Amino acid sequence: MIEMRSQLLAARAAALFASDLPAGSRPSATVVEAAIARSVRSCGGTRGCAAALAAAYGDYPETAVARMRWARSVVQGVYEPSLSPSPGMALAA
């Protein structure tokens, strides 16, 4: 069960990474869900989102790391708020 939840969070983060939302933004749950759905549709599924993520790491690793950190943080905040750091805590680099 934990493995499946972890995979779902990773897929959502990859889709959010591939979205047009700006990194660093703090979108609402509704905006996050809509952005994930748009990315999954436009990328042709979750595998397409993962491919966009991989391409970004290959082409722009210096910005991809920060964007993925943001995407994972936002997804955790929306789907598993008990695991998210408090707003005042800095994320580990």
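Using just the alpha carbons, could you tell me how many Å³ per residue the convex hull of the chain encloses?
So the per-residue Cα hull volume is 102 Å³.
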* Asked: For the charge dipole of the chain, defined by +1 on Lys and Arg C-beta atoms and -1 on Asp and Glu C-beta atoms about the Cα centroid, which residue among 24, 53, 13 has the Cα displaced farthest towards the positive pole?
  -> 13
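Using 0.36 nm per residue of separation minus the Cα-Cα distance, give me the extension gain between residue 63 and residue 82 in nm, one decimal. Can you show the working numbers first?
On the way: separation 19, 0.36 × 19 = 6.84 nm, distance 2.73 nm.
Full-extension gain reported as 4.1 nm.
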* Mean residue ellipticity at 222 nm from the helices of the chain, using -39,500 (n - 2.57) per DSSP H segment of n ≥ 4 over the full residue count, to the nearest 500 deg cm²/dmol? -> -23000 deg cm²/dmol
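Once you charge only the Cβ atoms, +1 for Lys and Arg and -1 for Asp and Glu, what is the size of the charge dipole of the chain about its Cα centre, to the nearest 20 debye? Numbers along the way, then the final one.
On the way: 9 positive and 6 negative charges, 24 e Å.
It works out to roughly 120 debye.
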* Report, largest value first, the span of the C-alpha coordinates of segment 45-86 along each principal axis, in whole Å. => 33, 25, 9
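Bear in mind that the values in this text are calculations on the coordinates, not laboratory data. What you see is a predicted model; the values in this text were computed from it and never measured. Cβ sites come from the backbone with ideal geometry, for glycine too, and all protein chains shown count toward neighbours.
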